[in-house]
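Single-structure report; data block below.
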Amino acid sequence: ETALTAASRPRMHALAQQNNRRARIVNDLRMRMEQVIAALLLGNNLVNITASALATSVLIAMFGEHGVIYATAGMTVLVVLFGEVLPKTIAINNPDRTALAVAPLMRAFILVVTPFTKLIGWMVRGTLMLFGARIVTELGREQTEEELRGAIDLHTETAKHTETSTEIREAGAMMHSILDLNEVMVLDIMIHRQNVTMVDAEQPPSETVAQVLASPHTRIPIYQGNPDNIVGVLHAKALLRAVRAQNQPTDTLDIRAIAAKPWFIPSTTTLLAQLRAFRERREHFALVVDEYGALLGIVTLEDILEEIVGEIDDEHDVRVRGTRRAADGSIDVEGQVTIRDLNRQFGWRLPDEDASTIAGLVLHEARRIPEVGQIFMFHGFRFEVLERHRNRIKRVRIRPLEPASEPPSLAATA
Ligand SMILES: Nc1ncnc2c1ncn2[C@@H]1O[C@H](COP(=O)(O)OP(=O)(O)OP(=O)(O)O)[C@@H](O)[C@H]1O
């Protein structure tokens, strides 16, 4: 029982995948732990009680009434030593090997005593139900994930002083990020609409060509009338082909006809779902909309992959847009920069549960529209509002506080 409980779940799973018969039996037994415990206890008690009864009767025959004391002392030592401590110590020190070794025999034994254990099972369940208790034989999804995260950290921790520790730490961070994909939404990582390069469908095509050439990006959304009304996504290569194929002046190009159909996705889509959608649709670019269909921003395949592997810069990419290091070491950040990007670039741990942009975080913490020049201190950082436009915070200066001067809660000064 000790070995079965302590054996590594991931390892048994991996062995079973490689067709290891014994590992399959271990997994199978673990699925019905209730039966295993009942069978083992039955066998255990049967052996212990029979041995004690025999020893007592033999020793009484030899020493008279004192035989009871000798039998109790002798059997206690034997049972505790050879029946409990010794086998459990072996099992706990080598759970995987022990579990694999005993599993087939244990399964056969369980089969034989099934009629009795079934009876015991009913009685146990009946009694538990009487007290309103629930029986859990396997770990839930959340617990398994916790266990997996713990295993990753343990692995990283043990490699701390080895030559490959940096690689292992990076690999550990990637594995955590993969597990996060199911929890993070596109809203948290998208490029906000204000930072998206778009072109007006109604402007002269030659201007569009100039804008596409000037942009570091390959896919440019086209809007008609106002930026909320996206009518297509222009691929730079499609534009190049059209320009090349056309003998007339560029201004006669039909930009809307060249553009691909826009693909809109809800902002609450998880990164895992979006990754799958990108692969299934063989697309790299999606427009993120809120529940009313209003455009919030864009997300690309690269943005999701960066969540796993960290920043991927290609020859045209710009480092986190909207951040600049000030002379005193603080960072000037545009309001629309996402908290996730900042945390990643500067190794900070600002919370991104209540707001996804830095302006949103300041508004959330300040609980009012702050004035320019106002300073806030929270989450171990000092935030100074540098620029505001109407109700929007446009620029903030951020500086990590010295650990000693970190205030316990929000403090605002005008
Ligand atoms: N039109 C756009 N406006 C603003 N940001 C964009 C635009 N297109 C892509 N990005 C952003 O640029 C980064 C790189 O994305 P991605 O590599 O998919 O596109 P790209 O910059 O057009 O480069 P590529 O030519 O490799 O496709 C991502 O963060 C993505 O969100």
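Quick notes on this one:
- Rule-of-thumb Rg ratio for the stretch 243-349 [Cα; 2.2 N^0.38 Å; N residues]: 1.40
- Residue-wise HN-Hα coupling along the stretch 192-197, computed from phi with Karplus coefficients 6.51, -1.76, 1.60 (Hz; x: Gly, Pro): 4, 3, 5, 9, 8, 7
- Mean shadow area of the chain over all directions, Cα convex hull, nm²: 34.2
- Taking Cα centre as origin and charging only the Cβ of basic (Lys, Arg, +1) and acidic (Asp, Glu, -1) residues, the dipole magnitude of the stretch 1-158 rounds to 560 debye.
- Distance between the stretch 96-135 and the stretch 205-253 - C-alpha centres, whole angstrom: 69
- Under 5 Å between amide hydrogens, built in the peptide plane, is the criterion, and for G297 it picks out R193, V288 among residues at least 5 positions away or on other chains.
- Taking a straight line from the alpha carbon of K88, these lysines sit under 26 Å away, with near neighbours fewer than eight places off in the same chain left out: K118.
- Antiparallel DSSP beta bridges within the stretch 187-341, percent to nearest 5: 75
- Taking every DSSP bridge with both residues inside the chain, close to 90 percent are antiparallel.
- Over the chain: helical MRE at 222 nm, DSSP H runs n ≥ 4 each giving -39500 (n - 2.57), nearest 500: -16000 deg cm²/dmol
- Rounded to the nearest whole Hz, the Karplus-based 3J(HN,Hα) values (6.51 cos²θ - 1.76 cosθ + 1.60, θ = phi - 60°) of the stretch 338-351 follow the sequence 7, 4, 4, 4, 5, 4, 6, 5, 9, x, 7, 10, 5, x, with x at glycine and proline.
- In the chain, the longest principal axis of the Cα atoms and the axis of helix 95-130 are about 90 degrees apart.
- Across the options G43, A210, L301, the greatest Cα extent toward the positive end of the charge dipole of the chain (unit charges at beta carbon of Lys, Arg, Asp, Glu) belongs to G43.
- Listed peptides 295-308, 11-24 by packing density, highest first (mean Cβ within 10 Å): 295-308, 11-24
- Relative to the longest principal axis of the Cα atoms of the chain, helix 165-180 runs at roughly 80 degrees.
- Within straight-line cross-link reach of K261, lysines at Cα separation under 22 Å, skipping those fewer than 8 residues along the same chain: K237
- Computed from point charges on the beta carbon alone (+1 for Lys and Arg, -1 for Asp and Glu), the dipole magnitude for the stretch 186-309 about its Cα centre is near 560 Debye.
- Dipole magnitude of the stretch 133-236, debye to nearest 20 (Cβ charges: Lys/Arg +1, Asp/Glu -1, about Cα centre): 180
- Gyration tensor verdict on the stretch 323-413 (Cα atoms; rounded if a/c is under 1.5, prolate if a/b is larger than b/c, oblate otherwise): rounded
- Most to least packed among 273-286, 99-112 [average Cβ atoms within 10 Å]: 99-112, 273-286
Read-outs: derived from the displayed coordinates by stated rules, not from any lab. Computed from a predicted structure; not experimentally measured. Counting neighbours? That spans all protein chains shown, and the Cβs are built from the backbone with ideal geometry, glycine included.
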